[in-house]
Every structure is written in C-alpha cells, then in structure tokens.
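The values are calculated or read from the model by the stated rules, or taken from the named source; none is laboratory data. As the structure is a computational prediction, the values presented were derived from the model and not from experiment. Glycine gets a Cβ as well: all are built from the backbone with ideal geometry, and neighbour counts include every protein chain shown.
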Amino acid sequence: MSFWFSFIIFELWRNYDKIEEQEERPDYLGSFMYRAFIGLIGIFIINPEFNPIWYPESTWGGIPPACFEASSFYLLFDPILNKLRGTHWLYRGKNSGILDKLGLPYYITLKVFSLIILILSICVIWEIPLPDWLTS
C-alpha cells in the first residue's frame, strides 16, 4: 500500500504547488480523473485478477482499493494543505472545489462518510474482521 500513500503525497504536493506557488485554482475534475486513472493502474498491479471487461465479476476486487484511494485523499488533502498554509484545519478557500462550497454541515458529513468508507476498505483489503458494532 506504500504505492497509494506515495501517490497521495505526490498529489497533495502537486495541488499545494498549484494553489500556493503558482496561485492558480487546480482543475479539480482533471485531478480527480488523473487520480482515478493512476488508481486503476494500481488496482491492476495489486489485484491481477481485476479484469472488468472480460470478467465483470472481478470488478468487486477493485472496489476496496478504489474506495481507499478516494477516501484517504479526500480526508488528507484539506488538513495537510491547510497545515502547510498555516490556516485552520477546516479552512476552505474562496476557490475551493464544489463540494467545499456546500456548507460546513455537508462538508463534515462528507468527511465522516469518507472516514467510514476508509475504515471499511482497510478492513477488506487487509482482511481485518469488521467491527462488531458494524456487523450486528
């Protein structure tokens, strides 16, 4: 999984550079598509049986890594970017993405949902039994 963390750190740095050094708004949709493409390559690497075109049933094996990549990036991006900027961890700039502009309650709800997805994906990837409160 070091591939995922390395990629997330690279993406955080790339977006930080775009926002703070180049003073430009990142293309968030393009960035998401880039992460999805690299994530798909990662899924093929860690799950060689993944072949949704010829074996659609193999698609299920790619869902946990995809959820891990998307949720971990979404959870880490804002706090790390804001730490580097020296701002409050919940700070959302005037040029933030569309999800950030939906209001604080929605923003926090998405972060909590992402945390739940991250925990579930980790449990599935590393074959850790799910918490009792989740299975009862």
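Overview of results
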item	result
Every pair of residues 6+ apart whose Cβ atoms lie under 9 Å, when the first sits in segment 7-18 and is over 19 Å from Phe68 (Cα atoms) while the second is among the hydrophobic types (A, V, I, L, M, F, W, C) and loosely packed, with under 15 Cβ neighbours inside 10 Å	Tyr16/Leu84
Segment 81-111, residues that are exposed (fewer than 10 other Cβ atoms within 10 Å of the Cβ) and either part of a helix (DSSP H, G or I) or touching a Gly at 6+ places or on another chain (Cβ under 6 Å) (or both)	Ile98, Pro105
Single unsatisfied condition, Arg25 versus (1) in contact with a helix residue (DSSP H, G or I) (Cβ under 9 Å, 6 or more places away or on another chain); (2) part of a helix (DSSP H, G or I); (3) among the charged types (D, E, K, R); (4) modelled with pLDDT of 80 or more	(2)
Filtered residue count, segment 118-136, keeping only those that are touching a Phe, Trp or Tyr at 6+ places or on another chain (Cβ under 7 Å) and either in a loop (DSSP other than H, G, I, E, B) or not β-branched (Val, Ile, Thr) (or both)	2
Residue that is nearest to Glu23 (Cα to Cα), among those in segment 117-129 that are surrounded by fewer than 12 Cβ atoms within 10 Å (Cβ to Cβ) and not acidic (Asp, Glu)	Trp126
Glu49 being modelled with pLDDT of 85 or more, over 16 Å from the mean Cα position of the chain (by Cα) and farther than 19 Å from Ser114 by Cβ	no
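Residue-wise test of (1) at negative phi; (2) aromatic (Phe, Trp, Tyr); (3) in contact with a helix residue (DSSP H, G or I) (Cβ under 6 Å, 6 or more places away or on another chain); (4) without any contact (Cβ under 8 Å) to a residue 40 or more places away in the chain.
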| residue | (1), (2), (3), (4) |
| --- | --- |
| Pro65 | yes, no, yes, no |
| Pro79 | yes, no, no, yes |
| Asn82 | yes, no, no, yes |
| Gly86 | no, no, no, yes |
